[in-house]
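Working notes, structure below.
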Amino acid sequence: MPEPSVRHDAIIDAIMANAGRSTLPFQQAHADRWHGTAFWFNDLLDSASGSEVISQYLVTAAEVTRYDLGELTLRPELCEPEMSAEKLLMTDFAEGWTVLGDLGVAVMPTAGLHAHGRRKGWSWATDEITDGLAARHEDIVRIGAESRPAYILGHDVGEQDGERLQAVVVGRVARGADGHVHWDSTVPEGCAGAPVFVGEELGDDRFRLVCVGLVLPGAERNRIATFDRIRTAVRESGTGQGTEPVRSMPAEPERDPRAGEQPETAPRTETGEHLETARHPEAGKRPGRWWRRKPRAR
């Protein structure tokens, strides 16, 4: 397919406007290993009546969830009011994730996370990968053997202090000989499980932002688990059937993936490590192109 002509900065702006608050860094607690990125996903179940009925999940790579005690970094801009604690410890961590067959993907219903926030007196203020943003079969089919620009929105691991700031990694994706979509280069440590985006060119300097799926762990040419298969697997798994779907009335208009200013962001808490603990509700080197969100001034 022809090389898209959309500029990188315009697509990065669209990613941050639509999904900048959708990601959470996590790792095995009390251990410098199994760093990953999860993101919020709204699975649209029904919109025929003028309202949107969704099931909401955290989504990530299954391989980085297989331990008992997990540690989520509470990004300040995702909590209202802003939290003084910067970590959330979750016991029975592996049990809380449902592994979706052989996709390499795991999902967690978010009802317990919302309940924990209410108990602590705050609420989540997130973006989500929505039904309109998540790729469908026809979007995935358009990714061929010729590589095209793509973007990972994840949280790497700081070389000096392990800081988990958000970054956009610019690279390329293409379909490999195995029939799967692959990232073309090295994925930074901590970005396994992160969402991957492309800009579908529409002509006249316009494009449509698409979340292809998530990047799986690997040494190089990491496979991308694509959203056409993720969406189907989530519904077939029955995950979250015991939780009540969220109803939004009326349905919100779809956000324009070409517009919007970069969301305001906040620095991490600079004081010592403060931890919240909750029982689980469901019982490398950087690439050459790199963009980092800027903390807001205090």
- Under a Cβ-Cβ cut-off of 15 Å, what is the net charge of the residues other than Phe41 that fall near it, where Lys and Arg count +1 and Asp and Glu count -1? -1
- Message: Quick one: 3J(HN,Hα) in Hz for segment 8-17, Karplus 6.51/-1.76/1.60 with θ = phi - 60°, rounded, Gly and Pro as x.
- Response: 4, 5, 5, 6, 4, 4, 5, 4, 5, 5
- Sorted by chain and then number, the residues having a modelled amide H within less than 5 Å of the amide H of Phe93, at least 5 places away or on another chain, are Leu69, Gly70
- Karplus 3J(HN,Hα) series, Hz, for segment 204-216 with 6.51 cos²θ - 1.76 cosθ + 1.60 (x for Gly, Pro): 6, 6, 10, 8, 10, 7, 10, 8, 5, x, 10, 8, 8
- Leaving out ligands, DNA and RNA, what percent of the accessible area of segment 39-115 is carbon and sulfur, probe 1.4 Å? 51
- segment 152-218, Rg to Rh (Cα coordinates; Rh as Kirkwood inverse mean 1/r): 1.04
- Item | trypsin sites (Lys or Arg not before Pro) restricted to segment 31-91 and DSSP loop, no more than 13 other C-beta within 10 Å | Arg33, Arg66
- Query: Averaged over all directions, how much area does the convex hull of the C-alpha atoms of segment 1-67 cover when projected, in nm²?
  - Reply: 8.2
- Where GluC sites (Glu not before Pro) fall in DSSP loop in segment 56-164, at most 14 other Cβ within 10 Å: Glu82, Glu146, Glu159, Glu163
- Over segment 1-143, the quotient of the Cα radius of gyration and 2.2 N^0.38 Å is 1.16
- In nanometres, the difference between 0.36 nm per residue of separation and the alpha-carbon distance of Ser123 and Leu45 is 25.7 nm
- Message: Based only on Cα atoms, what mean projected area does the convex hull of segment 120-167 have, in nm²?
- Response: 6.5
- Query: Rounded to the nearest whole Å², what accessible area per residue is found for segment 110-158 with the 1.4 Å probe?
  - Reply: 37
- Query: Counting only Cα, what are the radius of gyration and maximum Cα-Cα distance Dmax of segment 108-228, in Å?
  - Reply: 16.3, 51
- Message: Using the Karplus curve 6.51 cos²θ - 1.76 cosθ + 1.60 with θ = phi - 60°, what ³J(HN,Hα) values do you get for each residue of segment 46-61, in whole Hz, with x for Gly and Pro?
- Response: 7, 9, 5, 8, x, 10, 9, 10, 10, 10, 10, 9, 8, 10, 7, 7
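The values are calculated or read from the model by the stated rules, or taken from the named source; none is laboratory data. Bear in mind that the values here come from a model prediction, so they are computed numbers and not experimental data. Don't worry about glycine lacking a Cβ; one is built from the backbone with ideal geometry, like all the others, and counts go over all protein chains shown. Just the protein is used for accessible areas: all its heavy atoms, side chains included, with ligands, DNA and RNA removed. Shrake-Rupley method; radii C 1.70, N 1.55, O 1.52, S 1.80 Å.
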